[in-house]
Amino acid sequence: MNTLHSKIIIGASVTAAAALMLAGLVSAQTSATAAASTPAASAITGSSVSAADRAATAAANRQARVAARMTTAEQKGVTAITKRVSDLASLVTRVQAMKNVSDSQKASIAATIQNLSTNLSALQGKIESDTSSSTLRDDLTSITGSYRIYALVMPEVRIIASADRIITIAGMLNTVAAKLNTRLTAAGALSNLSDLTAAMTDLSAKTADAISQAQAAVAEVTPLAPDGGDKTKMAANTAALKDARGKLSAATTDLKAANKDASTVITALKKVKPTATTSMGSTTGQ
Amino acid sequence: MSKAAKTGIAIVILIVIIIVAWVIYSKSSGGSPVSTPTPTPVATETPQASASSAPAAQAPNTAGTGLSAATDSSNTALDQDSTAVTNQMSQLSTDSADLDASLTATQ
């Protein structure tokens, strides 16, 4: 398309220039010849050629302006698609790192994303070969209108990925909590036992709520589909995504509080002399 | 009324009947194939990433997160666990930043 447009522009410019040069030569030659004969005829011929020149120049300029506008629009479209394809690739990487979905589920999500990327690449090829400004305009509109990469796909998958990590962290904290309960039981009567017990209760509640919020966020975005230009649906999608984001924020706050509880108990237990029940096992590198 | 006028009226009525019959027939057979404009192809509605894969609530997978052995409750193990949780929290912050960035984009 770039090449094509360049050719059009260059071709138009060359044609216009050649027409002007030719017209100028003819005009000069005609004028010179006519001037030698009849001055009145010279004036009439010169005026006629000049009008043709102006028309040719105007047409060439119009064509060049249209071609330039199409080239600019096409470049913007290609840039937009390239960015989306790149972002989708990073999204696939993130999906592959998810821990709480099966390999087949990850493959399914990744395939869906890859399909979007393939379709966008095909659209890019079409845009690059568009010769009609109206077709180009429709294709450019479909970059955003039909795919909703940024309005839906990216945030939706990001929400799912974040929820996955939240659930992973909650699981980690639950594992830590089990260890802390073992240590607390072994420690026996502690002066601050009630505080530590309260911290453990809070830890458990916070991780449970984090998991609940994360699952709710995923459930909220799962049914969303591209709006296809339906503004009401688009507004509903946006509202759902933001609400799900709020749930993840609440889950993150829960995890921070749970982690703080765990740190409080760990700090307290480190001051207690280890007993025989405390395993000194090795790291498994889970 | 002359015979010619009656004949003319009969012809007009016959034409009207033929037209009405043709219209009814056209509608019942799916319309005229000639005048139907070809619909402009629209971009295929893109299937959104399926999120039917909701992370399971029970027994979250914590493999590869740096946690120590589940049976190890030593101080060293707890320190390692704290570090692992902190690392994951840090990555969650990255996730959140990416999510917020994607939410600020409009299309």
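Values for this structure:
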item: Number of positions in the stretch B:67-92 that are within 21 Å of A:Thr93 (Cβ to Cβ) and either of a type in the set (Val, Ile, Thr) or at the interface with chain A (Cβ under 8 Å from one of its Cβ atoms) (or both); result: 4
item: So B:Gln58, is it under 35 Å from the mean Cα position of the chain (by Cα) and either of a type outside the set (Gly, Ala, Ser) or modelled with pLDDT of 85 or more (or both); result: yes
item: Any hit, the stretch A:200-209, residues being surrounded by 14 or more Cβ atoms within 10 Å (Cβ to Cβ) and modelled with pLDDT under 95; result: no
item: Any hit, the stretch A:88-95, residues being within 11 Å of another protein chain (Cβ to nearest Cβ), of a type in the set (A, V, I, L, M, F, W, C), free of Cβ contacts under 8 Å to residues at least 60 places away in the same chain and surrounded by fewer than 21 Cβ atoms within 10 Å (Cβ to Cβ); result: yes
item: Qualifying residue in the stretch B:31-49 (condition: charged (D, E, K, R) and either exposed (fewer than 10 other Cβ atoms within 10 Å of the Cβ) or at pLDDT 60 or above (or both)); result: no
item: Count of the stretch A:160-199 residues which are more than 7 Å from chain B (Cβ to nearest Cβ), among the polar types (S, T, N, Q) and more than 45 Å from the chain's Cα centre (by Cα); result: 5
item: Condition check for A:Ser102: polar (S, T, N, Q), surrounded by 23 or more Cβ atoms within 10 Å (Cβ to Cβ) and more than 30 Å from A:Glu74 (Cα to Cα); result: no
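The values are calculated or read from the model by the stated rules, or taken from the named source; none is laboratory data. Computed from a predicted structure; not experimentally measured. A quick note on method: Cβ atoms are made from the backbone with ideal geometry, for glycine too, and the neighbour counts reach across all protein chains shown.
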